[in-house]
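One structure below.
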Amino acid sequence: MSEVRAGAGVALSAGGDVLIAGGIKLSLSASLTGLEFALLSSAETYHQGAGVVSTSTMSEARVLPVLKALDDGTVLVIGGGGLSAEVYQP
């Protein structure tokens with residue numbers, strides 16, 4: 001993955017690709033006195049057959065979203081950023 005994240009949602013597509021979406025990025029503060037965090041709107045797809053990761057962006061940052069792979073290859077992303085949902089094309 002290109003970003004270390006906690007609290008992300010994960011879905012496995014029918015084709016074997018893995019989508020990891022949203023979450024929180026934690027880092028040490030500039031003064032080294034505490035942790036800083038950023039909510040992530042990025043999504044990463046691991047393409048198993050090719051062994052590569054592609055990165056894209058969702059419509060909003062989401063923490064602990066629910067992901068559901070749909071039969072047409074898209075992924076339904078629910079919650080994690082409020083009372084919203086989006087259909088995501090990995």
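The values are calculated or read from the model by the stated rules, or taken from the named source; none is laboratory data. Keep in mind it's a predicted model, so treat the numbers as computed, not measured. With ideal geometry, Cβ positions are generated from the backbone for all residues, glycine too; neighbour counts draw on all protein chains shown.
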* Search result, residues across region 41-53 that are farther than 11 Å from residue 9 by Cβ and at pLDDT 90 or above -> 41, 42, 44, 45, 46
* Asked: Taking region 70-88 only, how many residues are part of a loop (DSSP other than H, G, I, E, B) and free of Cβ contacts under 8 Å to residues at least 24 places away in the same chain?
  -> 6
* To do: Please verify whether region 32-47 includes one or more residues that are within 15 Å of the chain's Cα centre (by Cα) and not in a strand (DSSP E or B).
  => yes
* Asked: In region 49-60, what count of residues is obtained for those that are under 9 Å from the mean Cα position of the chain (by Cα) and part of a loop (DSSP other than H, G, I, E, B)?
  -> 1
* Asked: Which residues, taken from region 1-35, are touching an Asp or Glu at 6+ places or on another chain (Cβ under 7 Å) and either surrounded by 17 or more Cβ atoms within 10 Å (Cβ to Cβ) or free of Cβ contacts under 8 Å to residues at least 40 places away in the same chain (or both)?
  -> 20, 25, 27, 29
